[in-house]
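The values are calculated or read from the model by the stated rules, or taken from the named source; none is laboratory data. Remember, predicted model here, so these are calculated numbers, not experimental data. Here the Cβ is made from the backbone with ideal geometry for all residues, glycine too, and neighbour counts use every protein chain on show.
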Amino acid sequence: MAKPTGAICNLACSYCFFLDKELLYPGSGFRMSDDMLENYIRQLIEGHRSSEVTVTWQGGEPTLMGLDFYRKAIELENQYRRPGMTFVNTMQTNGTLLNDEWCEFFKEHNFLIGISIDGPRELHDAYRVNKGGAGTFDQVIRGLRLLQKHEVETNVLTTVNRINADYPLEVYRFLRDEVGTDWIQFIPVVERLDQQGMALYQTGTTVSERSVQPEQFGRFLTTIFDEWVMNDVGSVFVPTFEAAVSNWMGLPSSGVCVFNKTCGSALALEHNGDLYSCDHFVEPDYGLGNIAETDIIELVASNRQRKFGQDKFDTLPRQCLECEVRFACHGECPKNRFISTASGEPGLNYLCAGWYHFFTHIEHPMKIIVSLLRAGRLAEEVMPILSKEAAALQATVAQVGRNDLCPCGSGLKTKQCHGRKRAAAASQPIRLPVHQAQPRARAMVMSE
Ligand code: SF4
Ligand code: SF4
């Protein structure tokens with residue numbers, strides 16, 4: 001992915017893990033030059049054996065480069081393309097700077113635009129604030145509606161933090177029903193702090209108060225999964241769930257790097273041509289070189305990058321190696337592996353408790369989906385199967401006493417399990433704890 005504005009953003013989202021990255025390039029203007037843009041596009045094309053090239057624009061906030069930068073990028077793609085070659089341009093943006101001209105350009109050139117939004121207004125505005133500390137919900141929704149008006153292909157990225165993680169159904173139903181998206185990516189906020197309280201490098205064993213808690217994240221995912229698997233299979237795409245299906249199927253790749261056995265193919269290009277092993281490791285120890293001096297293809301194929309990718313598996317602690325859901329989890333992302341196992345071995349994933357809860361919780365529906373797919377049937381057929389199972393269980397529950405063991409086999413009393421009166425989900429107004437969404441006192445920051 002290319003980051004033409006480096007770490008620079010027009011907003012100041014409190015938990016943004018890129019916020020401190022501008023310190024890596026003191027005095028920089030944080031703008032990719034036209035020469036570097038040409039160098040990048042040419043090398044990217046030369047490095048591709050396949051006929052489809054994906055160009056991923058990320059930030060900071062990539063729209064800060066201005067539209068002419070991307071017009072030039074399209075010109076260069078056309079100039080260097082080989083016969084039969086096609087391009088997919090994608091961009092992750094906060095959407096606040098978009099107007100009709102941007103959207104017409106995106107539509108004309110088939111851009112896929114990812115919009116960062118954290119849920120309904122109260123949840124989004126908790127941390128996604130501008131430099132004055134004000135919520136950005138209205139501006140983001142305005143940008144999203146403009147994209148929809150121009151029929152630009154969009155998807156949504158939602159970061160899961162300490163606040164919105166307590167409102168899984170409110171978040172999911174808002175994105176599905178009110179935003180109207182059918183593609184939702186959930187990214188956990190794990191803001192790891194060093195001794196100075198900075199998130200500049202991946203060091204330290206503490207997290208900020210904005211970071212999602214492991215069990216909280218597990219509950220968030222399982223609650224949304226239950227809603228999805230009963231209603232939205234085949235119509236709403238959640239990469240975490242799709243990756244789980246791929247891993248339960250035993251496919252060679254899950255399609256999401258964090259759930260693969262090894263990593264190393266999500267490199268990040270800074271504005272000045274410095275190439276890093278991954279967007280989460282834009283720090284000196286993981287710099288591979290500068291593409292003005294060494295070709296991208298050489299850097300991508302370097303031993304250093306191979307080792308980076310292989311280390312994802314080679315550094316797993318024993319607890320992961322012996323874990324029954326490792327085939328699905330793979331220890332998730334190495335950036336989050338900074339706690340110790342019960343036996344004191346370092347390198348366990350901070351989110352382990354959440355991932356374990358999630359992957360064990362989804363086992364039954366996953367097995368049904370896999371058997372459907374292997375039989376040449378559709379994954380969405382899982383929905384009526386689970387509905388029938390739920391109806392049969394409720395009929396059995398109605399026949400046992402509230403203090404009897406629940407017929408589902410959980411070991412709990414029925415009144416604590418399937419006999420429990422369910423609160424009307426997502427029907428209450430959202431009430432947030434008093435929070436301190438303090439904007440950072442920085443001139444230049446970056447969005448996720
Ligand atoms: S370090 Fe994490 S985000 Fe980066 S490629 Fe590996 S798994 Fe993916
Ligand atoms: S659930 Fe925990 S122990 Fe199991 S593979 Fe994932 S991080 Fe490792």
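Please determine whether any residue of the stretch 18-25 is of a type in the set (Ser, Thr, Tyr), surrounded by 23 or more Cβ atoms within 10 Å (Cβ to Cβ) and touching a residue at least 60 places away in the same chain (Cβ under 8 Å).
First, pick out the residues of the stretch 18-25 that are of a type in the set (Ser, Thr, Tyr): 25.
In the following step, the residues that additionally are surrounded by 23 or more Cβ atoms within 10 Å (Cβ to Cβ) were identified as none.
No, that holds for no residue.
Does the stretch 164-180 include one or more residues that are in contact (Cβ under 8 Å) with a residue 24 or more places away in the chain and under 30 Å from residue 283 (Cα atoms)?
Filtering the stretch 164-180 down to residues in contact (Cβ under 8 Å) with a residue 24 or more places away in the chain leaves 164-176, 178-180.
After this cut, where a residue has to be under 30 Å from residue 283 (Cα atoms) as well, the list is 164-165.
Looking for residues that are in contact (Cβ under 8 Å) with a residue 24 or more places away in the chain and under 30 Å from residue 283 (Cα atoms), one finds at least one in the stretch 164-180, hence yes.
If you check residue 312 against the conditions, is it closer than 21 Å to residue 239 by Cα, buried (at least 21 other Cβ atoms within 10 Å of the Cβ) and either away from ligand 1 (no atom under 15 Å from the Cβ) or of a type in the set (D, E, K, R) (or both)? Steps first, please.
Values: closer than 21 Å to residue 239 by Cα: yes; buried (at least 21 other Cβ atoms within 10 Å of the Cβ): yes; either away from ligand 1 (no atom under 15 Å from the Cβ) or of a type in the set (D, E, K, R) (or both): yes.
Yes.
If only one of 233, 258, 229, 190 is touching a residue at least 24 places away in the same chain (Cβ under 8 Å) and either under 25 Å from residue 144 (Cβ atoms) or in contact with a Gly (Cβ under 7 Å, 6 or more places away or on another chain) (or both), which one is it? Lay out the reasoning, then the answer.
Details: 258 fails: either under 25 Å from residue 144 (Cβ atoms) or in contact with a Gly (Cβ under 7 Å, 6 or more places away or on another chain) (or both); 229 fails: either under 25 Å from residue 144 (Cβ atoms) or in contact with a Gly (Cβ under 7 Å, 6 or more places away or on another chain) (or both); 190 fails: either under 25 Å from residue 144 (Cβ atoms) or in contact with a Gly (Cβ under 7 Å, 6 or more places away or on another chain) (or both).
Result of the check over 233, 258, 229, 190: 233.
Yes or no, residue by residue, for (1) assigned to a helix (DSSP H, G or I); (2) more than 14 Å from residue 351 (Cα to Cα):
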{"position": "197", "(1), (2)": "no, yes"}
{"position": "211", "(1), (2)": "no, no"}
{"position": "215", "(1), (2)": "yes, no"}
{"position": "221", "(1), (2)": "yes, no"}
{"position": "227", "(1), (2)": "yes, yes"}
{"position": "230", "(1), (2)": "yes, yes"}
{"position": "244", "(1), (2)": "yes, yes"}
{"position": "248", "(1), (2)": "yes, yes"}
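Against the conditions (1) away from ligand 1 (no atom under 11 Å from the Cβ); (2) out of contact with any strand residue (DSSP E or B) (no Cβ under 6 Å at 6 or more places or on another chain), where does residue 287 fall short? Just the number, please.
(2)
Could you check how many residues of the stretch 187-201 are within 18 Å of the chain's Cα centre (by Cα) and either surrounded by 21 or more Cβ atoms within 10 Å (Cβ to Cβ) or under 20 Å from residue 240 (Cβ atoms) (or both)? Reasoning before the result, please.
Here is the first cut: in the stretch 187-201, the residues within 18 Å of the chain's Cα centre (by Cα) are 187-192.
Then drop every residue that is not either surrounded by 21 or more Cβ atoms within 10 Å (Cβ to Cβ) or under 20 Å from residue 240 (Cβ atoms) (or both), which leaves 187-191.
Number of matching residues: 5.
Here are some residues: 268, 243. Which one is aliphatic (A, V, I, L, M), farther than 25 Å from residue 201 by Cβ and either within 12 Å of ligand 1 (Cβ to nearest atom) or surrounded by fewer than 17 Cβ atoms within 10 Å (Cβ to Cβ) (or both)?
Details: 268 fails: farther than 25 Å from residue 201 by Cβ.
One residue alone meets the criteria, 243.
Within the stretch 335-356, is even one residue within 16 Å of ligand 1 (Cβ to nearest atom), charged (D, E, K, R) and farther than 29 Å from residue 273 by Cα?
Within the stretch 335-356 (the criterion being within 16 Å of ligand 1 (Cβ to nearest atom), charged (D, E, K, R) and farther than 29 Å from residue 273 by Cα), the answer is no, since none of the residues qualifies.
Looking only at the stretch 372-389, count every residue that is in a helix (DSSP H, G or I) and surrounded by 12 or more Cβ atoms within 10 Å (Cβ to Cβ) and tell me the total.
So the first thing to find is which residues in the stretch 372-389 are in a helix (DSSP H, G or I), and the list is 372-374, 379-389.
Now narrow it down to the ones that are surrounded by 12 or more Cβ atoms within 10 Å (Cβ to Cβ): 372-373, 379-383, 385-387, 389.
Number satisfying all stated conditions: 11.
Can you name every residue in the stretch 200-250 that is modelled with pLDDT under 95 and more than 23 Å from residue 170 (Cα to Cα)?
Residues satisfying the conditions are 200, 201, 202, 203, 204, 205, 206, 207, 208.
So residue 258 fits all but one of (1) surrounded by 17 or more Cβ atoms within 10 Å (Cβ to Cβ); (2) part of a helix (DSSP H, G or I); (3) away from ligand 2 (no atom under 16 Å from the Cβ); (4) not small (Gly, Ala, Ser); what number is the exception?
Residue 258 satisfies all of (1) surrounded by 17 or more Cβ atoms within 10 Å (Cβ to Cβ); (2) part of a helix (DSSP H, G or I); (3) away from ligand 2 (no atom under 16 Å from the Cβ); (4) not small (Gly, Ala, Ser) except (3).
Among (1) buried (at least 20 other Cβ atoms within 10 Å of the Cβ); (2) out of contact with any helix residue (DSSP H, G or I) (no Cβ under 7 Å at 6 or more places or on another chain); (3) farther than 30 Å from residue 40 by Cα, where does residue 212 come up short?
(2)
May I ask you to list the residues in the stretch 26-41 that are surrounded by 17 or more Cβ atoms within 10 Å (Cβ to Cβ) and either among the aromatic types (Phe, Trp, Tyr) or free of Cβ contacts under 8 Å to residues at least 40 places away in the same chain (or both)?
Scanning the stretch 26-41 gives 30, 37, 40, 41.
Table: residues versus (1) of a type in the set (S, T, N, Q); (2) under 27 Å from residue 301 (Cβ atoms).
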residue: 11; (1), (2): no, no
residue: 15; (1), (2): no, no
residue: 23; (1), (2): no, no
residue: 45; (1), (2): no, yes
residue: 48; (1), (2): no, yes
residue: 87; (1), (2): no, yes
residue: 96; (1), (2): yes, no
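Give me the pairs: first residue in the stretch 337-354 and farther than 18 Å from residue 311 by Cα, second residue within 16 Å of ligand 1 (Cβ to nearest atom) and of a type in the set (D, E, K, R), beta-carbon distance under 7 Å, and six or more apart or on different chains, which are they?
351/332
For the stretch 355-369, how many residues meet the condition of being touching a residue at least 60 places away in the same chain (Cβ under 8 Å) and in a helix (DSSP H, G or I)? Give the steps one after another, and end with the answer.
Let us first name the residues in the stretch 355-369 that are touching a residue at least 60 places away in the same chain (Cβ under 8 Å), namely 355-359, 361-362, 365-367, 369.
Checking which are in a helix (DSSP H, G or I) leaves us with 355-359, 361, 365-367, 369.
Residues flagged as touching a residue at least 60 places away in the same chain (Cβ under 8 Å) and in a helix (DSSP H, G or I) within the stretch 355-369 amount to 10.
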